[in-house]
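One structure below.
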Amino acid sequence: MGEVLVLVEQSDGAVKKVTTELLTLARSLGEPSAVWIGPGYSDAAAAVLAEFGAQTVYVAGDEAHAAHPVAPGAEVLAHLVGMKAPVAVLVASSADGKETAGRLAVRINSGVITDAVAISADLVATQSVFGGSTVVHSTVTSGTPIFTVRPNSTPPVAGAGAAVRSDVAIELSDAAKKATVTGSTVATKGGRPELAEAAIVVSGGRGVGSTEGFAVIEALADSLHAAVGASRAATDAGWYPHQYQVGQTGKTVSPQLYIANGISGAIQHRAGMQTSKTIIVVNKDAEAPIFELADYGVVGDLFAVVPQLTDEIGKRSA
């Protein structure tokens with residue numbers, strides 16, 4: 001089996017969940033090798049990568065790689081593609097991941113497929129396109145296939161790997177140094193999981209009615225150890241911060257469980273969540289388009305239904 005390069009997503013040296021998903025997917029395509037960009041690689045990170053099947057970990061640990069955004073990762077990957085001739089390159093469908101994939105595709109003259117939700121053994125990707133109205137199957141016909149994969153598309157499954165470290169040293173081009181990180185601010189995080197990576201997402205929409213109304217959404221989310229999302233209507237109204245918007249112009253999520261409360265189901269929102277594995281809808285309008293996607297639906301006032309659901313979950317988890 002050929003080698004599959006997986007670009008590691010990490011935060012302060014901690015491997016993100018999406019990387020374990022990519023390694024799981026890579027095992028079905030070939031022999032996974034992880035690519036670590038920047039400083040911070042540790043025994044703890046190596047243990048996670050090994051647990052999910054990385055046979056080799058290519059470490060480009062130069063501080064300079066962290067001093068410049070995105071471009072160094074593309075150059076390291078281009079170097080490895082030239083050296084190792086992998087069967088494919090997998091990158092997370094984050095903002096940085098997509099830009100890295102695009103830069104890499106230009107550098108190595110290869111095709112790139114973004115926002116894949118599945119990849120078959122013969123490297124055919126499944127995508128949801130045109131605002132989620134169409135599912136297509138795509139393949140790269142030129143060069144080394146590059147795929148960006150949506151978080152939560154593949155459940156992470158452990159599979160032991162050797163995680164043999166291989167240091168990579170390259171001289172960054174002048175082009176890669178044109179943008180420089182001059183400072184950073186650590187985002188304040190609560191106790192909830194990150195929206196794009198959460199296995200469960202509880203969202204509220206126009207039907208929530210106010211900032212105060214989101215308290216019932218947050219309570220349900222906390223009972224499920226879930227992330228909170230919001231529709232564009234709710235964020236535009238100022239009821240919830242824009243960074244939690246789910247939709248075509250917000251974040252795309254693909255959790256194992258998505259609970260939509262008071263969301264009508266405009267195509268803009270559907271495009272950001274319709275690949276969720278199980279969808280539960282609570283809406284008092286029985287004709288709301290969101291019910292077309294629902295695996296389970298409740299026609300009723302969310303302020304009556306959601307607190308009951310939260311209480312019942314509390315009883316069962318006590």
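Details
- Test: residue in the range 269-286 that is touching a residue at least 60 places away in the same chain (Cβ under 8 Å), closer than 19 Å to residue 133 by Cβ and either outside the structural domain of residue 200 (by TED's automatic domain parsing) or part of a helix (DSSP H, G or I) (or both): yes
- Across the range 294-307, the number of residues qualifying as of a type outside the set (Asp, Glu), surrounded by fewer than 18 Cβ atoms within 10 Å (Cβ to Cβ) and within 11 Å of residue 279 (Cα to Cα) comes to 1.
- The single residue among 121, 85, 67 that is outside the structural domain of residue 272 (by TED's automatic domain parsing), under 21 Å from residue 174 (Cβ atoms) and either polar (S, T, N, Q) or in contact (Cβ under 8 Å) with a residue 24 or more places away in the chain (or both) turns out to be 67.
- Members of the range 222-248 found to be crowded, with 21+ Cβ neighbours inside 10 Å and of a type in the set (D, E, K, R), listed by number: 232
- Residues (among the small types (Gly, Ala, Ser) and under 17 Å from residue 155 (Cβ atoms)) located in the range 1-35: 26, 28
- Note on the range 140-151: among residues that are assigned to a loop (DSSP other than H, G, I, E, B) and over 27 Å from residue 293 (Cβ atoms), the one that is nearest to the chain's Cα centre (by Cα) is 145.
- Residue count for the range 273-310 satisfying the condition of being within 24 Å of the chain's Cα centre (by Cα) and of a type in the set (Val, Ile, Thr): 6.
- Residue check, residue 253 assigned by TED's automatic domain parsing to the domain that holds residue 298, of a type outside the set (Gly, Ala, Ser) and modelled with pLDDT of 95 or more: no
- Filtered residues of the range 42-66 (kept if surrounded by fewer than 21 Cβ atoms within 10 Å (Cβ to Cβ) and modelled with pLDDT under 90): 61, 62, 63, 64, 66
- Applying the criterion of at least 1 residues that are among the acidic types (Asp, Glu) to the strands (runs of 3 or more DSSP E) found wholly in the range 1-68 leaves 3-7, 31-37.
- The set of residues from the range 196-243 being of a type in the set (A, V, I, L, M) and under 18 Å from residue 265 (Cβ atoms) comprises 201, 202, 208, 217, 230, 233, 234, 237.
- Screening the candidates 87, 168, 164 for the property of being in contact with a His (Cβ under 8 Å, 6 or more places away or on another chain) and of a type outside the set (Ser, Thr, Tyr) yields one hit, 168.
- Here the condition is being of a type in the set (Val, Ile, Thr) and farther than 21 Å from residue 149 by Cβ; of 6, 59, it holds for 59 alone.
Conditions (1) in the same structural domain as residue 280 (by TED's automatic domain parsing); (2) surrounded by 12 or more Cβ atoms within 10 Å (Cβ to Cβ), marked per residue:
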{"site": "154", "(1), (2)": "no, yes"}
{"site": "159", "(1), (2)": "no, yes"}
{"site": "168", "(1), (2)": "no, yes"}
{"site": "185", "(1), (2)": "no, no"}
{"site": "199", "(1), (2)": "yes, yes"}
{"site": "205", "(1), (2)": "yes, yes"}
{"site": "213", "(1), (2)": "yes, yes"}
{"site": "217", "(1), (2)": "yes, yes"}
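- Only a single item in (1) outside any helix (DSSP H, G or I); (2) within 15 Å of the chain's Cα centre (by Cα); (3) modelled with pLDDT of 95 or more; (4) not charged (D, E, K, R) is not met by residue 101, and it is number (1).
The values are calculated or read from the model by the stated rules, or taken from the named source; none is laboratory data. All of these numbers come straight from a predicted model, not from anything done at the bench. Reconstructed Cβ throughout: ideal geometry from the backbone, glycine too, with neighbour counts over all protein chains shown.
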